[in-house]
1. So for the chain: antiparallel DSSP bridges make up what percent, rounded to the nearest 5?
2. Stokes-Einstein at 10 °C, 1.306 mPa s, Kirkwood radius from Cα pairs: D for segment 138-276 in µm² s⁻¹?
3. To the nearest Å, what is the center-to-center distance of segment 305-338 and segment 197-254, using C-alpha atoms only?
4. Quick one: net charge around Gly11, please, counting Lys, Arg +1 and Asp, Glu -1 for every other residue with C-beta under 10 Å from its C-beta.
5. Tally Lys/Arg at +1 and Asp/Glu at -1 over every other residue whose Cβ is under 10 Å from the Cβ of Asp30; what's the total?
6. Which of these values of Cα Rg over 2.2 N^0.38 Å was calculated from the structure shown: (i) 1.01; (ii) 0.93; (iii) 1.10?
7. Rounded, prolate or oblate, given the Cα gyration tensor of segment 278-338, with a/c below 1.5 counting as rounded?
8. Return the ratio Rg/(2.2 N^0.38 Å) for segment 208-300, where Rg is computed over Cα atoms only.
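Nothing in this text is a laboratory measurement; each read-out follows from the coordinates by a stated rule. Quantities reported herein were computed from a predicted structural model and do not represent experimental measurements. Positions of Cβ are generated from backbone atoms using ideal geometry, with glycine treated the same way; all protein chains shown enter the neighbour counts.
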Amino acid sequence: MRVVSGIQPTGNLHLGNYLGAIRNWVRMQDEMGEGEQCLFFLADLHAISMPHDPAELKKGTLEMAAALVACGIDPAKSILFNQAQVPQHAELQWLLGGTARMGWLNRMTQWKDKAGKNREGQSVALFTYPVLQAADVLLYQATHVPVGEDQKQHLELARDIAQKFNNDFASEDAPVFTLPDPIVPPQAARIMSLRDGAKKMSKSDPSDMSRINLADDADEVMKKVKKAKTDPEPLPSEEKGLADRPEALNLVTIYAALTDKSVDDVLGEFGGEGFGKFKPALGELLVETLRPISERFNGLLEDREALDAILARGASQAREIAVPTLEKTYEALGLVRG
């Protein structure tokens with residue numbers, strides 16, 4: 001079993017990122033058996049498909065690497081790297097470009113959403129983004145790829161490209177590419193803004209009080225929880241009582257996610273209590289959970305040498321796995337190599 005997954009290097013990670021995705025990666029890594037492997041990469045090549053600030057991209061890549069390690073991704077157990085240090089990703093994307101079809105890419109929902117009405121004004125990279133995603137996983141002969149609802153279509157495309165390539169250029173008993181299967185991760189907690197229970201927690205929200213950042217210290221965390229928007233009613237004894245109370249539901253959901261309990265379990269403990277009791281309990285739980293992450297995160301950001309070494313080592317390991325697949329691809333296509 002070989003699991004491959006990537007994440008955009010956005011920087012400035014918050015609680016929603018941790019509970020929504022990163023914690024599942026850590027659990028997946030820790031459940032791997034002997035001979036099984038996880039590769040996690042920072043998708044910096046994907047980031048240039050949209051307008052970007054080069055300095056921010058570089059900063060975001062380093063922040064994301066630091067955050068992943070701080071949250072529990074162990075470079076001794078998993079391979080952690082950024083795409084730009086493994087040029088085989090871009091090479092394989094070009095080689096797969098002869099197999100991918102315009103019609104397949106035109107049907108991609110994310111292309112339609114991101115391009116909007118101005119398709120002619122979009123970058124070629126945005127259109128061919130799914131081919132790079134296919135290269136990201138096929139390069140490592142991934143057997144499994146964690147996917148959310150928004151990525152299922154892209155994994156199906158990767159399988160279509162791999163199948164067509166194998167049919168066109170390889171024999172049935174010696175395929176060039178493994179067809180990866182999806183892993184649907186456990187339902188992740190949907191963490192909303194602390195200022196508006198109808199909006200997802202986001203780093204793009206202009207108010208820093210709307211989110212809990214992984215770099216926040218204990219005082220900041222407690223202040224944000226205490227000032228989080230709520231209502232005057234006490235907590236109900238079961239989840240259905242929170243149906244029209246999005247801010248209350250959000251805070252209970254965060255508590256439930258951090259303790260691996262259900263919302264009903266948390267309400268069984270705090271039902272009938274007001275937020276004057278619940279908020280301090282949630283704040284202390286968050287401080288206790290995030291303190292080691294925050295300390296490790298800030299320490300890594302100050303130790304650029306250690307961070308660079310982690311990414312360089314991961315990239316070296318990734319290239320070692322990638323090169324044989326790339327060589328087989330060149331050979332299958334009849335390309336002459338020196």
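1. 20
2. On the way: Rh = 18.4 Å.
After rounding, the answer is 86 µm²/s.
3. 44
4. +1
5. Summing Lys and Arg as +1 and Asp and Glu as -1 gives 0.
6. Here the calculated entry is (iii).
7. Details: a/c = 7.24, a/b = 2.82, b/c = 2.57.
Prolate.
8. Compactness ratio reported: 1.10.
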